[in-house]
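To start, the structure itself, in structure tokens.
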Amino acid sequence: MTAGKLIILSAPSGAGKTSLAKALVANMTDSVISISHTTRAPRPGERDGVDYYFVDKATFHEMVAADRFLEHAQVFDNHYGTALDAVQAQLDAGRNVLLDIDWQGARRIRERVDGVISIFILPPSRAALEERLRGRGQDDEAVIARRMRDAVSEMQHYGEYDYLVENDVFDSALADLRAIIEGRPEAARPPRVDIAALLAD
């Protein structure tokens, strides 16, 4: 049996990364999304063991001390981690594993694992990113402003990734991701977004 591929997906909050990942695995039966552990509270509709494993900080730190995470990081005010044994079991079973993580986690995994495919998802513009964040209807103005600042910080690391995908039209971005994962990166569209404008102060 051929081992699966380990695939990193990173993006600023609001760029559509999670929706793209879910659509990918719905159409690729040999691929799964790694379920991360987190210390944050569940958002409306999220389920433990499906969206995340929700744990308290004490449990999370015990897992860190036992070296049970492939990577872990603090994002905003919470902790996130990818359990090593769960990822390895899926890879050994021949499944591609998608890791929905930030640049910090991506950097740590690249240091520990060879042959990782890393993809950074970009929004078509800052205005589109802010519109998506506001469309969630979950955050006040202060939180949205902080998320926009953090988004710019996150996007500054796009150059560390193997591939860039622009999420302008959802189905087109999905096709680009699938082409890259299937080993056909030449079939993916080159991003047309003005990256300098995305990163401008």
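Give, in nm to one decimal, the length gained when the segment between ALA65 and ASP77 is fully stretched (0.36 nm per residue of separation minus the Cα-Cα distance).
That pair, ALA65 and ASP77, stretches by 2.3 nm at full extension.
Determine which lysines satisfy two conditions relative to LYS5: a Cα distance under 20 Å, and not lying fewer than 8 residues away in the same chain.
In chain and number order, the partners are LYS17, LYS22.
Considering the options LEU164, ILE180, GLN104, tell which one lies farthest towards the positive end of the dipole of the chain, charges being +1 on Lys and Arg and -1 on Asp and Glu at the Cβ, about the Cα centre.
Farthest towards the positive pole: ILE180.
What is the local net charge at PHE120, summed over the other residues whose Cβ is closer than 11 Å to its Cβ (Lys, Arg +1; Asp, Glu -1)?
Cβ neighbours under 11 Å give a net charge of -4.
Under the classification rounded if a/c is under 1.5, otherwise prolate if a/b is larger than b/c and oblate if not, where does segment 38-125 fall, given a ≥ b ≥ c as square roots of the Cα gyration tensor eigenvalues?
Note, shape of segment 38-125 comes out rounded.
Would you calculate the volume per residue, in Å³, of the smallest convex hull containing every Cα atom of segment 92-201?
131 Å³
Could you work out how far apart the two model spin labels at SER19 and VAL116 are, taking each label as a point 7 Å from the Cα in the direction of the beta carbon, and quote it in nm?
Result for the modelled spin labels: 2.7 nm.
Which of the three applies to segment 6-199, rounded, prolate or oblate, going by the alpha-carbon gyration tensor with a ≥ b ≥ c and a/c under 1.5 meaning rounded?
Oblate, since a/c reaches 1.5 and b/c is not below a/b.
Measuring from a point 7 Å past the Cα of ALA26 along Cα-to-C-beta, which residues in segment 177-194 have an amide N at less than 11 Å?
none
Which of the peptides 185-193, 171-179, 44-52, 115-123 is most tightly packed, and how do the rest follow, judged by the mean count of other Cβ atoms within 10 Å per residue?
115-123, 171-179, 185-193, 44-52
What ³J(HN,Hα) values, in whole Hz, does the Karplus curve 6.51 cos²θ - 1.76 cosθ + 1.60 give for segment 19-25 when θ = phi - 60°, with x put for Gly and Pro?
5, 5, 4, 5, 5, 4, 6
For LYS57, list the lysines whose Cα falls under 19 Å from its own Cα; do not include residues on the same chain fewer than 8 positions away.
Filter leaves no residues.
So what is the calculated 222 nm ellipticity per residue for the chain, using -39500 (n - 2.57) for each DSSP H run with n of 4 or more, over all residues, to the nearest 500 deg cm²/dmol?
-12000 deg cm²/dmol
Where a number appears in this text, it was derived from the coordinates with a stated rule and is not lab data. Keep in mind that this is a model prediction, so the values were computed, not measured. We place every Cβ from the backbone using ideal geometry, glycine too, and count neighbours over all the protein chains shown.
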